[in-house]
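Taken together, the values in this text are just the output of simple stated rules run on the coordinates, not laboratory data. Bear in mind that the values here come from a model prediction, so they are computed numbers and not experimental data. Positions of Cβ are generated from backbone atoms using ideal geometry, with glycine treated the same way; all protein chains shown enter the neighbour counts.
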């Protein structure tokens with residue numbers, strides 16, 4: 001159960017870093033911004049999946 005919490009918090013931190021990092025990028029390089037947002041979205045999806053798994057195991 002503790003490993004799920006680490007995965008959830010790690011994924012959320014990664015999502016914040018990916019999406020926040022996209023704000024630092026040059027918006028003329030739109031592919032970098034889109035990639036950052038896609039990676040952030042994937043991290044949020046992983047966090048939601050493991051949050052559901054965490055609460056089912058309680």
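Between residue 28 and residue 53, the modelled labels are 4.3 nm apart [label points 7 Å from Cα along Cα→Cβ].
Both the radius of gyration and Dmax for the chain are 13.5, 47 Å, in that order, over alpha-carbon atoms. For an R0 of 25 angstrom, estimate the FRET efficiency from the Cβ-Cβ distance between residue 38 and residue 13 and round to the nearest 0.05. After rounding to 0.05, the efficiency reads 0.90. Result for the chain in a Gaussian network model with C-alpha springs under 10 Å: among 47, 15, 29, the largest mean-square fluctuation is at 29. Helix-only arithmetic for the chain: the sum of -39500 (n - 2.57) across DSSP H runs with n ≥ 4, divided by the residue total, places the mean residue ellipticity at 222 nm at -30500 deg cm²/dmol.
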